[in-house]
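Okay, structure first, notes after.
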Amino acid sequence: MEPMQVCFSHQTAFQVLRAIDARELAGSGDTAWRLPARAPSARELEEVVKRIENDRPGLSIERPVHILLGAASRCRSTSRRVSHVCTRQMRGKPLLRLSDGVGVCSAPFACVQAAPSAKNKIDLLELAYELCGTYRTRRTSTAPAYQVPPLMTMRSLRSFVSLNPSIAGARIVARVLPYLADGSASPRETKQALVLGLPTSYGGYGLGIPRMNYEVKAIAGARTTSGRSSFRCDLCWADAKLDVEYQSREMHEGEESRIRDSRRTNALMAMGWTVVGVTNDELDSLAATDAIADTIRRLLGKRVQVRVSDYHARKLRLRRQLGLPVGYD
């Protein structure tokens, strides 16, 4: 088994994976590749980081650099480096080969590593949604952006957790997996999905986690109306043919956007779908979100039974955890 010199982990792993073409790592997973037994010196680590950054324009690794070791080390954590230890035998493909002697933890493994230090389950869910979504924030990159490839899927995370249940953080991730979805396109879509979909015990409206950016094929008449062969539904309850659209200011302002949205809505309605729009201001208003949730509940034909006596307090707590206002304006 070949030992690594350096293995990037935790937050650093996300930053490295964001800058690498997935094809570059295809087939590089190797359970037999041993983690470093000792931490590199400060100079050795800086040389590796600079080499990786120089080889990949656009990659910027923040300090401290997080590295993973296979044995306890006397290496002290500093403002430039934080060492972590994993002595358990892992299954699946937890480690990816980056270059000679240098590895990086897979996104599912790094997500599990992040779980114990998450502020709460909602914080962990927001991280997982981002990793399974098509956007990136400062949580996983030094350069926030939209329309980027996901780093993992629900399936890959579930597989890693089931194969490695004893690794620190795996049980925490397993508890939130039922509330995760692939395909979120923005942090606000993620917040909306969690507010509407989480159970009332979490402070959500108990409507069930929707599918995110679900593709609906257009029938002939809808193609004629819209000029499109398919539609992406932001938050979709497919069985009920319900599409909830987050109407961000960036994507839905201007006459051209309004015309496009109108044609899209008309085409979906012609196919038997119901479209509910949610603006940025409505998501920020507790009263407006209450009303929208009632509308969705009625359209889904659901009766949500609240079994917690402090539901209102939990609802306010969830909004605070998501960084949403708690006022009724």
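Inspection of the range 300-322 finds a residue satisfying the criterion of being without any contact (Cβ under 8 Å) to a residue 12 or more places away in the chain and among the acidic types (Asp, Glu). Of the residues Thr279, Thr295, Thr265, Thr274, the single one that is surrounded by 18 or more Cβ atoms within 10 Å (Cβ to Cβ) and not basic (Lys, Arg) is Thr265.
Of the residues that sit in the range 99-129 and are under 23 Å from the mean Cα position of the chain (by Cα) and outside any helix (DSSP H, G or I), which one is nearest to Ser201 (Cα to Cα)? Per the stated criteria, the residue is Asn120.
Would you point out which residue out of Leu242, Leu198, Leu235 is touching a Lys or Arg at 6+ places or on another chain (Cβ under 9 Å), surrounded by 15 or more Cβ atoms within 10 Å (Cβ to Cβ), among the hydrophobic types (A, V, I, L, M, F, W, C) and at pLDDT 95 or above? None of the others qualify; the one that does is Leu235.
Summed over the range 121-178, the residues that are surrounded by fewer than 16 Cβ atoms within 10 Å (Cβ to Cβ) and among the aromatic types (Phe, Trp, Tyr) give a count of 1. Here Arg228 clears all of (1) more than 23 Å from the chain's Cα centre (by Cα); (2) outside any loop (DSSP other than H, G, I, E, B); (3) basic (Lys, Arg) except the condition numbered (2).
Residue-wise test of (1) within 20 Å of Ala168 (Cα to Cα); (2) out of contact with any helix residue (DSSP H, G or I) (no Cβ under 8 Å at 6 or more places or on another chain); (3) in contact (Cβ under 8 Å) with a residue 60 or more places away in the chain; (4) basic (Lys, Arg).
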site: Ala42; (1), (2), (3), (4): no, yes, no, no
site: Lys50; (1), (2), (3), (4): no, yes, no, yes
site: Asn54; (1), (2), (3), (4): no, yes, no, no
site: Pro57; (1), (2), (3), (4): no, yes, no, no
site: Ser60; (1), (2), (3), (4): no, no, yes, no
site: Arg63; (1), (2), (3), (4): no, yes, no, yes
site: His84; (1), (2), (3), (4): yes, no, yes, no
site: Leu96; (1), (2), (3), (4): yes, no, yes, no
site: Val102; (1), (2), (3), (4): no, no, yes, no
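Counting only residues that are within 17 Å of Gly197 (Cβ to Cβ), among the acidic types (Asp, Glu) and under 23 Å from the mean Cα position of the chain (by Cα), the range 283-304 holds 0 of them.
The values are calculated or read from the model by the stated rules, or taken from the named source; none is laboratory data. Because the structure is predicted, anything quoted here is derived from the model rather than measured. Every residue, glycine among them, receives a Cβ derived from its backbone with ideal geometry; neighbour counts consider all protein chains shown.
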